[in-house]
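Any read-out appearing in this document is the output of simple, stated calculations on the displayed coordinates, not a laboratory observation. Predicted model only: the values in this text are computed from it and were never measured. FYI the Cβ positions are ideal-geometry reconstructions off the backbone, even for glycines, and counts take in every protein chain you see.
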Amino acid sequence: MTQNLILQGTYVDPDTVMSIADVAHAQSVETITPFVFRCADVQMDDEAKKRIDQAAYASELDYALLDGSRTLSDFKLLAMDMDSTLITIECIDEIADMQGLKPQVAAITEAAMRGEIAFKESLTRRVALLKGLDASALQRVYDERLQLSAGAEKMLAGIKAAGLKTLLVSGGFTFFTDRIQQRLGLDFSHANQLEIIDGKLTGRVLGDIVDGEEKKRTVERVCQELHISPRQTIVMGDGANDLQMMGIAGLSVAFRAKPIVRQQADIAFNFVGLDGVLNLF
């Protein structure tokens, strides 16, 4: 099996690329763009991978080792986490900021994303802190603070052009996923629903919480609906609650992710935007 090493970054030093290509025993190096290079037919052992990992990170390059015969159209579904993946913020942290509680909620969020607290427990605790907040705060967060991650729209255009369906699956809230789904023309979405009574958040979530297991089940359900295998799915995420759905994917991408996620994903994007996935094939 021919393997290619893809190197990309927001700035790329060609000399660094050639140095890494030597470590990988690449047969040739192709310039795709000034920011993307393909090292073809590489031969790497564990020591070479370790050296490349260190050199790439030090040079702010993202790298991916892929079967050279794979194409984007081999995949049929792109499944994405929302908070800190498709968008730049953690919505619940920004909602909490409206209550003056962002530090407390953000600390729980961080611990959950690192895998130190079970997601269901963490979400229950965080949502409880929002009790009594006027529901208009949700719209303010969407209007004033929610931004797409770098490369999101370019990535989705390329994904759709290749014929893939799209799924937004989030441990966040339907208030945001519904709006993003409509705004970006995504095919499927699934998230938690905040309970709102008389225009106020009650501090509770309606129904079962979308945790890591439910995210995995959602990917499986959508795959069944599309009559495809989960191995025909690209899954992107950043937190520990994404690991289960990433584990069943044909390709898992950690985006600006916590260390536990970077270590287990097939590919990690620490520097390039989401559209970096288009450069892999």
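Observations
- Folded to 0 to 90 degrees: helix 174-184 orientation relative to the chain principal axis, Cα: 50
- Folded to 0 to 90 degrees: helix 102-113 orientation relative to the chain principal axis, Cα: 50
- For region 29-129, the fraction of alpha-carbon pairs lying more than 21 Å apart is 59 percent, rounded to a whole number.
- Restricting region 23-97 to trypsin sites (Lys or Arg not before Pro) in coil, as DSSP defines it, with at most 15 other Cβ within 10 Å: R70
- Cα centroid separation - region 236-281 against region 1-78, whole Å: 16
- Per residue convex hull volume, Cα atoms of the chain, in Å³: 125
- Across the cross-link table entries K154/K215; K76/K258; K131/K215; K120/K160, which are compared at the Cα atoms, the separations over 30 Å belong to K120/K160.
- Cα shape, region 1-69, gyration tensor, a/c 1.5 rule: oblate
- By other beta-carbon atoms within 10 Å, ranking L101, L194 with the fewest at the front produces L101, L194.
- Dipole axis of the chain (+1 Lys, Arg; -1 Asp, Glu on Cβ), positive-most option in G68, T166, A265: T166
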